[in-house]
Amino acid sequence: MADERRVRLTELDGMEMGVRCPTCGTYTSFGDILATGTCRGGWRGCTTRLRLDLVILE
């Protein structure tokens, strides 16, 4: 099984409609994360896989 860790993002990590990759710092849009599951910094050699979890509180 792949090494998996959760990273809690703060307001500083978020940008309009995306987040900064916790590994390389490249901005990746939520749409790219949902579509590809990878960081856009792949061209720089970043191999980080990203996933979004939706939490519903009632």
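What nm distance separates the two modelled labels at Glu16 and Arg51, each placed 7 Å from Cα along Cα→Cβ?
3.1
Over the chain, what is the relative contact order in whole percent, taking alpha-carbon pairs under 8 Å and six or more residues apart?
20
Report in % the part of the accessible area of the chain that belongs to carbon and sulfur, leaving out ligands and nucleic acids; probe 1.4 Å.
54
Please report, in Å, the Rg and the Dmax of the chain, where both are computed over Cα atoms only.
Calculated on Cα positions, Rg and Dmax stand at 11.7, 41 Å.
Can you compute the helix-only [θ] at 222 nm over the chain? Use -39500 (n - 2.57) per DSSP H run of at least 4 residues, normalise by all residues, nearest 500 deg cm²/dmol.
-3000 deg cm²/dmol
Which of the trypsin sites (Lys or Arg not before Pro) found in the chain are in a DSSP loop and have at most 10 neighbouring Cβ atoms, other than their own, within 10 Å?
Arg5, Arg6, Arg8, Arg51
Kindly report the accessible area of the chain per residue (heavy atoms of protein chains, probe 1.4 Å, no ligands, DNA or RNA), in Å².
On a per-residue basis, 89 Å².
Using a 7 Å offset from the Cα along the Cα-to-Cβ direction at both Arg5 and Thr38, what is the distance between the two label points in nm, to one decimal?
Inter-label distance under the simple model: 2.2 nm.
Around Pro22, under 11 Å between beta carbons, what's the net of Lys plus Arg minus Asp minus Glu among the other residues?
That sum, taken over residues with Cβ under 11 Å, equals +3.
The values are calculated or read from the model by the stated rules, or taken from the named source; none is laboratory data. The structure displayed is predicted, hence computed values, not measured ones. Positions of Cβ are backbone-derived with ideal geometry, glycine not excepted, and every protein chain shown enters the neighbour counts. Protein only, heavy atoms only, side chains kept; ligands, DNA and RNA dropped before computing areas. Shrake-Rupley method; radii C 1.70, N 1.55, O 1.52, S 1.80 Å.
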